[in-house]
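The values are calculated or read from the model by the stated rules, or taken from the named source; none is laboratory data. Since we're looking at a predicted model, the values are computed, not measured. Reconstructed Cβ throughout: ideal geometry from the backbone, glycine too, with neighbour counts over all protein chains shown. Quick note on the areas: whole protein, heavy atoms, side chains included, nothing else; ligands and nucleic acids left out. Shrake-Rupley method; radii C 1.70, N 1.55, O 1.52, S 1.80 Å.
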Amino acid sequence: MDNLSLDKQKLKFQSRIEQLKEELELAREELELLGGKEQTNVTPSIAPTLHKRGYLFKWSDRSIGWSGSKWGLRYVVLENGRLSYYGTHNENAARYGVMLRGLAVRDDGWKRNRRHTSRNGQDPPLDEPGAYFFVFSIYERQDDTGSDSVNNTEIVPLLRFSTPSSAEKTQWIQLISRSCAYCETDVFLEDEAARIAEMAKRQEEQKNMAMIFPGSRDEILKQNETLPLLYFAPAVQPSLTNKRLPSVSSHAKRMDHAQSSTKIRRSTSFQTKSANADLDKVEARSKRSYPASKPMHREAASSLLSPDAKTQNFRGFLNLGILVLLVSNTRLLLDSIRSHGFVLPLALPSLSDVSHDPWNSVPFITAALFQLGFVTLAFFIEWMLSKGKLDEYLGMVLHYMNAHTALVMPAIVVWTMIDKPVTGFILLFHAVMTWMKLISYLQANEDYRATRGQHDDPAHVFRRMVEDLDLHEAHLTYPDNVTLQNMLYFWCAPTLTYQIAFPKFPRVRWWKVLTILSRMIAVVMVGSFLVAQVVNPTLKGLLQDLEAAQGQYTGRIFFQYWIKLSIASTYLWLLMFYGYFHLYLNLFAELLRFGDRVFYRDWWNSATASAFWRLWNMPVHYWLVRHVYFPCIRLKLSKTMASLVVFSLSAIMHEVLVSVPFHMVRPWAFLGMMFQIPLVALTKYLYRAFPGSSIGNYIFWVSFCLVGQPMAVLLYTVDYQFKKRMEDHFDQAPP
């Protein structure tokens, strides 16, 4: 909000304060004319108790009810002399708010619940649960009306509510009538003036803080960097100036009412009762319940598709987009089947080629078993250190040698002995995870040893910060945590950062395990179908076109196959995310009762590239923060340099995971990761320049899914096929 709008807001509040002061003086003069005695039973001591919140059915007088009157469930709030209602208790801004000064409440009796069926077929008694709705209305009180009129059925209600509980209705009526009486006193005017002054003070303080700390706005934006929740525009925050006054009575009319009043009535003057308790009969005979002059246009409001609309929920358009996406992609799949046939292999892999030498025939299994040996060796080294049987320096050297060997040895096996890229990637991927777990295990236990018994012992901090622990682990300290069972649990747990104990669920829910397994089977089937039916035929067509063009990678060929692969690669990437981060990790979490299952956050709402890298892979993010970023900060590196180190290490590991299984070193994955650094700077600048906009989110989706993924597939496919042809050429060449 700029300075000009703040000044205008301040002038509005000052004008409102002056008007309330004039009302207060008029009320005091009326009190003096009455002999200085206040005639109302509302006192300052009970004013704060006039509040109530709860759900009621509201009469929608501008909607057609096919089975009678239209009623909608609303969250109603009565406080400070105002009655407001919200769609739900989670909404911030009230949909309607009315000041009760000059109003009254009427008991409209009861209304039959047409969906309730009586047992004997006759009208049920009033005390039968669910048989009736008990109705009351808020209307504008006329000065010439009798104080306790019960025959005033020809009113135009400003608000009408109902509840299935008669006692609830009685309580609402009593509190509203007392609030109406409270609003006619000078106590209310003083409270209102104090509230207006307090709001003006807060606005002034906010303006001063923004001037003193000009960067505070940017710091608030940095904390989120995601899109607003289900809104394409910032949500309207509740404020006093946004409250709507009732359509029948404006503020000027209320002022005239206050000036012309000759006496302040008792609270019973603000409560009336309908002559006929059956609301259906009253509505049938009434000429004023549905008057032809009833206003339908009651406030200034923008169209729902306008950026300044109060509420913008596009969930229906989202459902339409999903249907259009399904229909269009089904057509693409049918075209692929028509062009290439049904190419998905249905035969199961044969195990007849497995010999008795697992090192040569099944290097994957052999290397995977070696990972268990490295984990066991890490436990043994830590156990020796915890007992003081091994020198600290020597023990840490052995720890790091063991951890790095756990990464290097599988990489050598994949490079030299495993020809299939997918098999090699799976082995190397788990080797990288084991390496990260071992680094975290040795560094965390080193910290536990260094601070054991001190005031800042991490074990004491651990007990204060971690919840939902098993009883036998709640008071676990170093070196009691150094057990083989503890180490193996950490190795299998869906986390990369070690701690003494982890939050846990009380039991394994086997029905959830079966549900996850069934979903994993479905994800694998859909992914396999997309690869066999869409990706492989597209890549074969690419290679054929390259052969026809004599190996020249023209712009037309690149653009054509980039467009063909962009959607399929996006689907595969989303399936990979869902299958691994949501299903695979949750499967192990459920089997191990692992409690913290926030493996990802809402990265799909990322408005900056940095937000995506923080949110999409929480285990890796935690590991990089604790074991790379913070150590760089402790080495006196700047935050920028520490972030550069983090991105560089991430880029190297991405390149290793791709180049080693393909048996070729190419810089594409490394360059793609390093490109994130200028992309982070660009998207952060755009987010600060246009806060809450979707520009950064569009850039994120285009750069990661529509450009980055298919481009990487094209580059690595061409290089890999060229490498294979060169190998075949040398193999066939005469010696």
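Things worth noting here:
- Output for the stretch 675-706, where each listed residue is open to solvent by 40 Å² or more (accessible area, probe 1.4 Å), at pLDDT 80 or above, assigned to a helix (DSSP H, G or I) and within 30 Å of ASP545 (Cβ to Cβ): TRP701, VAL702
- Single match in LEU496, LEU517, LEU565 (criterion: at pLDDT 85 or above and in contact with a Pro (Cβ under 7 Å, 6 or more places away or on another chain)): LEU496
- Test: residue in the stretch 548-558 that is under 36 Å from the mean Cα position of the chain (by Cα) and hydrophobic (A, V, I, L, M, F, W, C): no
- Flag for HIS621 being under 30 Å from VAL413 (Cα atoms) and at pLDDT below 85: no
- In the stretch 624-674, the residues that are part of a helix (DSSP H, G or I) and among the hydroxyl-bearing types (Ser, Thr, Tyr): TYR629, THR640, SER643, SER648, SER650, SER659
- Selection within the stretch 517-551 - aliphatic (A, V, I, L, M), open to solvent by 60 Å² or more (accessible area, probe 1.4 Å) and farther than 23 Å from LEU583 by Cα: ALA548
- Residue count, the stretch 401-411 (criterion: open to solvent by 30 Å² or more (accessible area, probe 1.4 Å) and more than 39 Å from the chain's Cα centre (by Cα)): 4
- Residue within the stretch 122-135 that is crowded, with 16+ Cβ neighbours inside 10 Å, closer than 27 Å to SER84 by Cβ, at pLDDT 80 or above and out of contact with any Pro (no Cβ under 9 Å at 6 or more places or on another chain) present: yes
- Subset of the stretch 412-443 that is among the charged types (D, E, K, R) and outside any helix (DSSP H, G or I) - its residue that is least open to solvent (accessible area, probe 1.4 Å): ASP419
- Residue count for the stretch 595-654, restricted to those that are free of Cβ contacts under 8 Å to residues at least 40 places away in the same chain, over 27 Å from the mean Cα position of the chain (by Cα) and within 30 Å of GLU467 (Cα to Cα): 6
- Taken over the stretch 373-415, the criterion of being of a type in the set (A, V, I, L, M), in contact (Cβ under 8 Å) with a residue 40 or more places away in the chain and closer than 29 Å to VAL658 by Cβ is satisfied by VAL375, ALA378, MET409, ALA411, VAL413, VAL414.
- Meets criteria (under 24 Å from GLN171 (Cα atoms), open to solvent by 20 Å² or more (accessible area, probe 1.4 Å) and out of contact with any Lys or Arg (no Cβ under 6 Å at 6 or more places or on another chain)) for ARG115: no
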